[in-house]
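Novice: Input: one structure, supplied below.
Just so you know, all these numbers are worked out from the coordinates, no wet-lab data involved. Predicted model only: the values in this text are computed from it and were never measured. Cβ placement follows ideal geometry from the backbone for every residue including glycine, while neighbour counts extend to all protein chains displayed.
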Amino acid sequence: MTFVAKIKGILKLTAKVPVLCAFVSISSMNFGSYLGTDTYGTGAMSVNCNLGTNYTISLGTGGSGTYNPRQMNNMSALLLYNLYTDNAYTTIWGNGTGGSGIVNGIGTGGDQNYTVYGKIIAGQNDPAGGYSDNVITTIDY
């Protein structure tokens, strides 16, 4: 077989890497026993976002509907607490409204770890029992 001409074309290849962020893990916070004094606890979360992706992490109000203070309940009583972005307990971790702050990050393509600092407010006189709350955690990117 003899060829008379050679024609070249271009095969175009494309791909897209979508911007992705996800929680790898979120741990619970257990304050232990509250004895009327400031009581502290920590929780942790791990986030994984694509390299260079700007993101924020915000925390909801829980069952209280407000950031300051949040409330744990045991169906008949409330225990006031809050969550903070720092271990000095100065910035309430919320969604950036109502005097709260958020945490900003830039994705590395690997897991990035964050600590949530919690404090139950001193001076409360509540009935014995277990108290709890659920706080929605959100990544915006």
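Novice: Tell me, yes or no, whether the range 48-55 has at least one residue that is crowded, with 18+ Cβ neighbours inside 10 Å, touching a strand residue (DSSP E or B) at 6+ places or on another chain (Cβ under 9 Å) and under 21 Å from ASN87 (Cα atoms).
Specialist: No, every residue in the range 48-55 fails to be crowded, with 18+ Cβ neighbours inside 10 Å, touching a strand residue (DSSP E or B) at 6+ places or on another chain (Cβ under 9 Å) and under 21 Å from ASN87 (Cα atoms).
Novice: With the requirement that a residue be under 17 Å from ASN134 (Cα atoms) and touching a Phe, Trp or Tyr at 6+ places or on another chain (Cβ under 6 Å), what does the range 23-41 give you?
Specialist: The one that is under 17 Å from ASN134 (Cα atoms) and touching a Phe, Trp or Tyr at 6+ places or on another chain (Cβ under 6 Å): GLY41.
Novice: Name the pairs whose Cβ atoms lie under 6 Å apart, with the first residue in the range 113-131 and in contact (Cβ under 8 Å) with a residue 40 or more places away in the chain, the second of a type in the set (Phe, Trp, Tyr) and in a loop (DSSP other than H, G, I, E, B), and 6 or more positions between them or separate chains?
Specialist: That search, which allows pairs on different chains as well, returns LYS119/TYR89; ILE120/PHE31; ILE120/TYR34.
Novice: Further question: Restricting the search to the range 41-66, which residues are at positive phi and either in contact (Cβ under 8 Å) with a residue 40 or more places away in the chain or part of a strand (DSSP E or B) (or both)?
Specialist: Residues satisfying the conditions are GLY52, GLY62.
Novice: What's the total number of residues in the range 57-75 that are among the β-branched types (Val, Ile, Thr) and surrounded by 16 or more Cβ atoms within 10 Å (Cβ to Cβ)?
Specialist: So the answer is 2.
Novice: Let me ask something else about it. So for the range 67-77 (the condition being assigned to a strand (DSSP E or B), of a type in the set (A, V, I, L, M, F, W, C) and touching a residue at least 12 places away in the same chain (Cβ under 8 Å)), does at least one residue qualify?
Specialist: Yes, because at least one residue in the range 67-77 is assigned to a strand (DSSP E or B), of a type in the set (A, V, I, L, M, F, W, C) and touching a residue at least 12 places away in the same chain (Cβ under 8 Å).
Novice: I would also like to ask the following. Residues of the range 30-40 being without any contact (Cβ under 8 Å) to a residue 40 or more places away in the chain and not small (Gly, Ala, Ser), which ones? Full working, then the answer.
Specialist: The initial filter retains those residues of the range 30-40 that are without any contact (Cβ under 8 Å) to a residue 40 or more places away in the chain, namely 30, 32-33, 35.
The answer is ASN30, LEU35.
Novice: Just checking, how many residues over the range 12-31 are farther than 23 Å from TYR55 by Cβ and polar (S, T, N, Q)?
Specialist: Qualifying residue count, the range 12-31: 2.
Novice: I'd like to check something: does the range 87-104 contain any residue that is farther than 18 Å from THR39 by Cα, out of contact with any Phe, Trp or Tyr (no Cβ under 9 Å at 6 or more places or on another chain) and in contact (Cβ under 8 Å) with a residue 24 or more places away in the chain?
Specialist: Yes, the range 87-104 contains at least one residue that is farther than 18 Å from THR39 by Cα, out of contact with any Phe, Trp or Tyr (no Cβ under 9 Å at 6 or more places or on another chain) and in contact (Cβ under 8 Å) with a residue 24 or more places away in the chain.
Novice: Further question: Tell me which residues, restricted to the range 25-47, are under 28 Å from PRO127 (Cβ atoms), in contact with a strand residue (DSSP E or B) (Cβ under 7 Å, 6 or more places away or on another chain), surrounded by fewer than 18 Cβ atoms within 10 Å (Cβ to Cβ) and among the β-branched types (Val, Ile, Thr).
Specialist: Within the range 25-47, just THR42 meets the criteria.
Novice: Moving on to the next point. Quick check on the range 92-114. Is at least one of its residues among the hydrophobic types (A, V, I, L, M, F, W, C), crowded, with 16+ Cβ neighbours inside 10 Å, farther than 19 Å from SER58 by Cβ and out of contact with any Cys (no Cβ under 9 Å at 6 or more places or on another chain)?
Specialist: no
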